[in-house]
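Enquirer: Have a look at the structure that comes next, please.
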Amino acid sequence: MPESLATVVIAELEELLGSQSVLHAPVDRIAYSYDGTFAQHLPDVVVLPQTNEEVASVVRVAARHDVPILPRGMGSGLAGGTLPIRGGIVLSLTRMKRILEIDEENMTATAEAGIVTADLQAEVEKRGLFYPPDPSSIKQSTIGGNVACNAGGPRCLKYGVTGDYVMGMTVILADGRLLKTGGKAIKNVTGLNINQLFVGSEGTLGIITEVILRLISKPPHVRTALVQFPALETAGEAVHAVLKQGLVPATMELLDETAIECIEEAMHLGLPLDVEAILLIETDGPHEDVVIREIDAIAAICLETGASRVDVARSEEERADLWRARRSVSPALARRAPNKLGEDITVPRSAIPEAIRRIKAISARYGLPVVVFGHAGDGNLHPNVLFDRRDPEQLAKVEPMVGDIFQMALDLGGTLSGEHGIGTFKLPYVHAALGSVSVDIQRRIKQALDPQNILNPGKVLPEG
Amino acid sequence: MTIELGFMCAGDTNDRLETDGARSREGTCVSEGHLAAEDARQCVRCGLCLATCPSYRESLVETDSPRARVALVQALEEGRIDAPLDGFANAFYRCLLCGACTFTCPSGVAVDRVLELTRGDLADEGLLPPALSDLDDRISRYRNISAEPNEGRLIWADNLPSPPTGLGKKQAEVAYFVGCVGSFFPRSYKVPQSFVQIIDRAGVDYALLGGAEWCCGYPMFINGELESARDLMGHNVEAVRALGASKVVTTCPSCFYFWKQSYPAALGTGDLGIEVQHATEFLADLLEAGAVPLREVRKDVTYHDPCDLGRKGGVTEAPRRIIAQIPGVRLLEMAENRESSYCCGGGGNLETYAPELVKAVSRSRIQQVVDTGAGTVVSACQQCERTLASAARAERVRVRVQDITELVLEAMGRRGRCLSRWRLS
Ligand SMILES: Cc1cc2nc3c(=O)[nH]c(=O)nc-3n(C[C@H](O)[C@H](O)[C@H](O)COP(=O)(O)OP(=O)(O)OC[C@H]3O[C@@H](n4cnc5c(N)ncnc54)[C@H](O)[C@@H]3O)c2cc1C
Ligand code: SF4
Ligand code: SF4
């Protein structure tokens, strides 16, 4: 934004929200310039509204002056989705974090979009209810951000992703109008499914301020197994073999040897360091005997497919440690290399062993390590390229490597992103992944909802 | 295929804050001790530290988060921001130095070191906020944080049932280092008063240092003035050595942490030749050895781990061992305990600098106390107790705040005394 315009916009915002909720000092602009990646771009101003009316009034200011406006949760996104690449207003939802209602009878929770997902989960669990989606960033991401990226997590294998739990929402549109979608009714075919249009929209179609979520009852029994594989590929085969038997564990998380080493360095849990992969498998349900029978059956299949050892967590602490380890894997990679680029490809489940084989081949071809972990059960892998961006030779390899990984995923019938979204990073590959008809339709939808292109411009869809 | 937007690495972008007279890398604070920036470089911006950082959790503003503080150090190093700008120092002095970020970080970023070094650089550049530099001036002049004559360090000992045996001793096995707050803040007198009554009952051979005790230096260090703190540190070590003591015991967790973690390195001695213990470690051993008979006290308590003692000092079990020795006391843990304890709000000299943030943090912690259902919160730090007691009053909750020494005294069948109130306030 030109400085003169910024001054006017800031003055108007301060008039509306008060100077406490409008930040534009250099330190604040730097603090809101990044997300969970290494990229950064400065916003002109940051606002922290607390009500729907305030959000709407900020959107109207943006529309009037035709400046970009970007919703932001906790900035844990891994796709550059909340980077103000064209400056403008960053609208932080972190202060809109009230739980508006937990309806125990209808098993729904209604909350403002800025609530931390773990806080919401803890609150519903106090009442014996359960909100299953569990992105590893559960403590540092918001419900709004989860909906906007359609976040997934380990448990989504059995329980589905964030979008499967969204029953309704309140959205502030690009012209400042307030839209209510969906509701508490479980079946709803009145009109188009606008609700799901906003799921995964990454802040490009509207600002989500409230969400109605479906809850289920909390499965009282869980068993968690740590399964070791001397060969990475057999881990992929085991996943396939288990699911083919009709067993649906809650999670099947894969960690390769570098991931295991990094976690072990950070947390000293006694993880095995002499295997190529581990799977973290969990079964849960209402009947303890069934849960135990399932984990036993899965253990047997894994051993048949090439696992060398299976350990079942003996206590809640052991189980909590294992999950803490899984959640730490991505940041723990910093112990290996100063920079990483984590991808989020998804391939059909049966193609997992082949995908792993090809990723390792790509890594060998370029001579840069690639760590593989992810939600193997639903084919969602997070290959992370490790590099040092201060070394130009290494940096030059990263782009083509990532390109090859994307191409490989598409070749195997998969897609670019399972849960992190497109943001800015995957933009160049969208055409190849979606095809021109789909891109055209999506552009028209964007045009209809945001004709001025002020909502998170330059993200998700290539502008052309 | 090219990714144009995908690789806007830090430093590669054209984004640069246009500020008046932004300086080049030379001449910025960090260029002198490149370490802070080196630590900062390891941050992958995952944001996990936001979940445990009290300043972020209360304000919900990213600028108050560890991730932002680390990003600011990087920006400074890359010449994208200028330290003397309004707000830069502010971001660092609004931090409680509670260490939760360092404990949480899966990438192994030594956030605490980044914070301390940056405070040091800011102080070197003359950017210490006035409220904090006043504190340092007071300490240099009076050898204590209260600007009281330093000889008055033992006023709390005046009105005990019998004078502490450690008074005026020239030789002893143990030196009891009381700390400034216990010495000069009437509301905290009960801590040293209770502690000496317990160790007198156990027959410990100890000495009080009186005017020979100087501020441990920690408040200056966390303001970034390590150099000024060194004088105080050297003096204190000599004072303890003069007693022939093999051990120094503190009731203040900050004195403990600083003596233990920083004295040897800062004084270049490697090993002080003096064992440093916190009062809880000392008392846990005494009580388990049966040195002090204890009666039943029927109550439910929760224990608040002070940051400097627990997460940073590594002492989490000793206070729990003490509580376990008292028959009838039931310990109910808070949701965030031991290394994961939530700061009371009293850390990092924030009380002097950002009282509204202190209030918000302490309000959350007292709520965690209330959630346990315990009627009493026990801690082992006079500063935590002052902060929590203020929060309990402000929030009108029925919770008693007690130092662990007071709890032991209660189990000995005595009541803590604070008779000096009329003398000083
Ligand atoms: C260590 C780590 C582990 C992770 N693990 C997972 C994982 O297991 N599964 C997974 O799916 N993701 C994971 N992520 C990615 C990230 O946490 C998710 O994408 C999360 O949903 C982002 O939430 P946020 O609140 O941080 O949103 P932000 O990062 O602030 O924003 C992300 C996007 O959503 C938009 N947005 C945010 N809030 C709103 C709103 N209220 N209305 C409209 N648009 C909005 C933004 O504009 C942006 O485009 C991980 C990230 C990290 C750092
Ligand atoms: S937890 Fe560590 S790596 Fe993650 S943002 Fe905080 S300092 Fe950076
Ligand atoms: S020391 Fe405490 S207050 Fe300071 S940044 Fe770290 S977690 Fe936050």
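Enquirer: Of all residues in the stretch B:97-139, which are among the β-branched types (Val, Ile, Thr), more than 30 Å from A:ARG324 (Cα to Cα) and either under 16 Å from the mean Cα position of the chain (by Cα) or away from chain A (no Cβ under 14 Å) (or both)?
Expert: So the first thing to find is which residues in the stretch B:97-139 are among the β-branched types (Val, Ile, Thr), and the list is B:102, B:104, B:109, B:111, B:114, B:118, B:139.
Retained after the next criterion (residues that are more than 30 Å from A:ARG324 (Cα to Cα)): B:118, B:139.
Correct list: B:ILE139 only.
Enquirer: Quick check on the stretch B:356-367. Is at least one of its residues modelled with pLDDT of 95 or more, within 14 Å of chain A (Cβ to nearest Cβ) and away from ligand 3 (no atom under 16 Å from the Cβ)?
Expert: Yes, some residue in the stretch B:356-367 is modelled with pLDDT of 95 or more, within 14 Å of chain A (Cβ to nearest Cβ) and away from ligand 3 (no atom under 16 Å from the Cβ).
Enquirer: If I filter the stretch B:77-100 down to residues being touching a residue at least 40 places away in the same chain (Cβ under 8 Å) and under 25 Å from B:ALA51 (Cβ atoms), which single residue comes out as farthest from ligand 2 (Cβ to nearest atom)?
Expert: B:TYR93
Enquirer: If you take the residues in the stretch A:1-49 that are more than 32 Å from the chain's Cα centre (by Cα) and charged (D, E, K, R), which one is modelled with the lowest pLDDT?
Expert: A:GLU3
Enquirer: Which one of these does A:LYS426 not meet: (1) of a type outside the set (Gly, Ala, Ser); (2) within 18 Å of A:PHE38 (Cα to Cα); (3) over 22 Å from the mean Cα position of the chain (by Cα)?
Expert: (3)
Enquirer: Quick one: how many residues across the stretch A:76-100 are in contact with a strand residue (DSSP E or B) (Cβ under 7 Å, 6 or more places away or on another chain) and at positive phi?
Expert: So the answer is 2.
Enquirer: Do you know which of the residues in the stretch B:34-72 that are more than 10 Å from chain A (Cβ to nearest Cβ) and assigned to a loop (DSSP other than H, G, I, E, B) is nearest to ligand 1 (Cβ to nearest atom)?
Expert: The residue in question is B:CYS53.
Enquirer: Check every one of the helices (runs of 4 or more DSSP H) wholly within the stretch B:282-398 and list those with 2 or more residues that are surrounded by 24 or more Cβ atoms within 10 Å (Cβ to Cβ) and on the phi < 0 side of the Ramachandran plot. Break it down into steps so the answer makes sense when it comes.
Expert: On the way: elements: B:317-325, B:350-353, B:355-372, B:382-395.
The qualifying helices (runs of 4 or more DSSP H) are B:317-325, B:355-372, B:382-395.
A quick yes/no check of all residues on (1) closer than 20 Å to A:SER330 by Cα; (2) within 11 Å of chain B (Cβ to nearest Cβ); (3) touching a strand residue (DSSP E or B) at 6+ places or on another chain (Cβ under 7 Å):
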| residue | (1), (2), (3) |
| --- | --- |
| A:VAL398 | yes, yes, yes |
| A:GLY403 | no, yes, no |
| A:ALA409 | no, no, yes |
| A:LEU412 | no, no, no |
| A:LEU427 | no, yes, no |
| A:ALA433 | no, no, yes |
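Enquirer: Being under 24 Å from B:GLN74 (Cβ atoms) and either touching a Ser or Thr at 6+ places or on another chain (Cβ under 8 Å) or surrounded by fewer than 19 Cβ atoms within 10 Å (Cβ to Cβ) (or both), is that true of even one residue in the stretch A:55-70?
Expert: Checked against the condition, which is being under 24 Å from B:GLN74 (Cβ atoms) and either touching a Ser or Thr at 6+ places or on another chain (Cβ under 8 Å) or surrounded by fewer than 19 Cβ atoms within 10 Å (Cβ to Cβ) (or both), the stretch A:55-70 yields at least one hit.
Enquirer: If you take just the helices (runs of 4 or more DSSP H) that sit entirely in the stretch B:161-228, which of them hold at least 2 residues that are among the charged types (D, E, K, R)?
Expert: Where helices (runs of 4 or more DSSP H) fall fully within the stretch B:161-228 and carry at least 2 residues being among the charged types (D, E, K, R), they are B:190-201.
Enquirer: Follow-up. Looking at B:THR165, B:THR104 in this structure, which one is touching a Cys at 6+ places or on another chain (Cβ under 7 Å), over 23 Å from B:GLU238 (Cβ atoms) and among the polar types (S, T, N, Q)?
Expert: The conditions single out B:THR104.
Enquirer: Is it true that A:LEU192 is more than 16 Å from ligand 3 (Cβ to nearest atom), surrounded by 15 or more Cβ atoms within 10 Å (Cβ to Cβ) and on the phi < 0 side of the Ramachandran plot?
Expert: When the stated conditions are applied, A:LEU192 does not pass them.
Enquirer: Name the single residue, out of those in the stretch A:121-138 being touching a residue at least 24 places away in the same chain (Cβ under 8 Å) and within 12 Å of ligand 1 (Cβ to nearest atom), that is farthest from A:THR51 (Cα to Cα).
Expert: Among residues in the stretch A:121-138 that are touching a residue at least 24 places away in the same chain (Cβ under 8 Å) and within 12 Å of ligand 1 (Cβ to nearest atom), the one farthest from A:THR51 (Cα to Cα) is A:SER136.
Enquirer: Is at least one residue of the stretch A:425-437 touching a residue at least 24 places away in the same chain (Cβ under 8 Å), in contact with a Gly (Cβ under 8 Å, 6 or more places away or on another chain), hydroxyl-bearing (Ser, Thr, Tyr) and part of a helix (DSSP H, G or I)?
Expert: So far as the stretch A:425-437 goes, yes, one or more of its residues are touching a residue at least 24 places away in the same chain (Cβ under 8 Å), in contact with a Gly (Cβ under 8 Å, 6 or more places away or on another chain), hydroxyl-bearing (Ser, Thr, Tyr) and part of a helix (DSSP H, G or I).
Enquirer: Within the stretch B:399-425, track down each residue that is modelled with pLDDT under 95 and either surrounded by 20 or more Cβ atoms within 10 Å (Cβ to Cβ) or of a type outside the set (Phe, Trp, Tyr) (or both).
Expert: Result: B:GLY413, B:ARG414, B:ARG415, B:GLY416, B:ARG417, B:CYS418, B:LEU419, B:SER420, B:ARG421, B:ARG423, B:LEU424, B:SER425.
Enquirer: Which is in the same structural domain as B:ARG201 (by TED's automatic domain parsing), under 30 Å from B:LEU117 (Cβ atoms) and without any contact (Cβ under 8 Å) to a residue 40 or more places away in the chain, of B:PRO253, B:PRO264?
Expert: B:PRO264
Enquirer: May I ask you to list the residues in the stretch A:331-357 that are closer than 21 Å to A:GLN394 by Cβ and more than 9 Å from every other protein chain (Cβ to nearest Cβ)? Walk me through it before giving the result.
Expert: Step one: filter the stretch A:331-357 for residues closer than 21 Å to A:GLN394 by Cβ, giving A:331-343.
The answer is A:ARG336, A:ALA337, A:GLY342, A:GLU343.
Enquirer: Hey, another quick one. Considering (1) without any contact (Cβ under 8 Å) to a residue 12 or more places away in the chain; (2) under 20 Å from B:LEU48 (Cβ atoms), say which one A:GLU101 fails and leave the rest.
Expert: That leaves (2) as the condition not met.
The values are calculated or read from the model by the stated rules, or taken from the named source; none is laboratory data. Model, not experiment: these values are computed from the prediction. Quick reminder, even Gly has a Cβ in these numbers, built from the backbone with ideal geometry, and neighbours come from all protein chains shown.
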